[in-house]
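I have a structure here, written as structure tokens, and I will follow up with some questions on it.
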Amino acid sequence: FLQFFCAMDEDEGKVYTWETEYERSWETLQEDAEGHLQTTAEEEAYKAKRRRLFDRPRNVQLGMMRHVFLVLDGSRAMADKDLRPDRLTCAARVIEKFLLEFFDHNPISQLGTIVTRNGRAEKLNELTGNPHVHTKALQSLTSSSGDPSLQNALEMAVRGLRHVPHHASKEVIVVLGSLTSCDPGNIFSTIDDLCQQSVRCSIIGLAAEVHLCKTICQRTNGTYNVILDETHFRDLLLQHCRPPPAKATIEASLIKMGFPQHVMNGPPAVCLCHLSDRSADYITSSGYFCPQTWGFPTYSQP
């Protein structure tokens, strides 16, 4: 009887991670040398960023032209509330910030989004350089259901990256909240296909470490991490904004570039910024003229 009450007293002192973060945040306050209050969490995050800056390899050729598919878990595991308000909403919020940073660091790269749920994989957007298209698609994800299929998502990403030129890097970034995967076949054959196509796969786990995910990342030269909280999640995802080292077998080739000219009163043409928005006026006579398409002029409005 006495041991029972002692065990209850010990359990009362234990709280969940999110309770400590939101309800006991005053316990992390410390006073610095100048008398200002700061949290230990902020200090640890700052130290982690400094370590990443110093750990960057030097004199390494980076792959500037990146083609990336971002896979988001949309299964019922994303309804857990260990992240506020739930995993799916938190992941969508963090990914929106990642998209802006990604295209800021990689202006000539392209990114596509895939969601996996109910044992299937659904492509939200093809490879594009417009982050607002992906943001709208993420905002439409309001519910999670079923089980994820890691194999179907990876195979869909491989099919989308199969025709990418050899001088560009091919990557897959997976945000996985489930500990299981409902796959239709042997996922190790999919891993072999990833290696054959030189696709680098990185996974960020929201729950716990999974041996299969670790194997995928090791064989494809990717990274595998499990988050601690939302701040750690954001830091891990933003690490993928920096271009990875280029492949040793990359083909050196010249890429034809075009410098657009600003035209005020040109011939009527299609505005590339509003092709997906049929309600807007996408026929215009002013904008930036592309010298690569003289036969069919296209504009991009500032």
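The values are calculated or read from the model by the stated rules, or taken from the named source; none is laboratory data. Everything numeric here is computed off the predicted structure, so don't read it as measured data. Please note: Cβ atoms are built from the backbone with ideal geometry, for glycine as well, and neighbour counts cover all protein chains shown. The protein model used for the area step is the full one, side chains on, heavy atoms only, and it has no ligands, DNA or RNA in it. Shrake-Rupley method; radii C 1.70, N 1.55, O 1.52, S 1.80 Å.
Of these, 202, 178, 143, 189, which one is open to solvent by 30 Å² or more (accessible area, probe 1.4 Å) and either closer than 21 Å to residue 92 by Cβ or among the β-branched types (Val, Ile, Thr) (or both)?
143
Taking segment 89-109 on its own, how many of its residues are within 17 Å of residue 138 (Cα to Cα) and either touching a residue at least 60 places away in the same chain (Cβ under 8 Å) or open to solvent by 10 Å² or more (accessible area, probe 1.4 Å) (or both)?
So the answer is 14.
Which residues, taken from segment 190-236, are among the aliphatic types (A, V, I, L, M), under 20 Å from residue 121 (Cβ atoms) and in a loop (DSSP other than H, G, I, E, B)?
Within segment 190-236, 206, 207, 210 qualify.
Could you list, in sequence order, the residues of segment 277-289 that are modelled with pLDDT of 65 or more, under 21 Å from residue 131 (Cβ atoms) and touching a helix residue (DSSP H, G or I) at 6+ places or on another chain (Cβ under 9 Å)?
Matches in segment 277-289: 287 only.
I would also like to ask the following. Which is surrounded by fewer than 17 Cβ atoms within 10 Å (Cβ to Cβ), at pLDDT 95 or above and farther than 23 Å from residue 95 by Cα, of 215, 249?
215
Have a look at 119, 160 and point out the one that is at positive phi, among the small types (Gly, Ala, Ser) and in contact (Cβ under 8 Å) with a residue 24 or more places away in the chain.
Of the residues listed, the single one that is at positive phi, among the small types (Gly, Ala, Ser) and in contact (Cβ under 8 Å) with a residue 24 or more places away in the chain is 119.
Follow-up question, since we're still on this one. Considering only residues of segment 125-140 that are open to solvent by less than 70 Å² (accessible area, probe 1.4 Å) and among the polar types (S, T, N, Q), which is farthest from residue 65 (Cα to Cα)?
Among those residues, the one meeting the criterion is 135.
Condition check: open to solvent by 50 Å² or more (accessible area, probe 1.4 Å) and acidic (Asp, Glu). Does residue 122 satisfy that?
yes
Okay, moving on. Restricting segment 259-276 to residues that are out of contact with any strand residue (DSSP E or B) (no Cβ under 6 Å at 6 or more places or on another chain) and loosely packed, with under 13 Cβ neighbours inside 10 Å, which is modelled with the lowest pLDDT?
275
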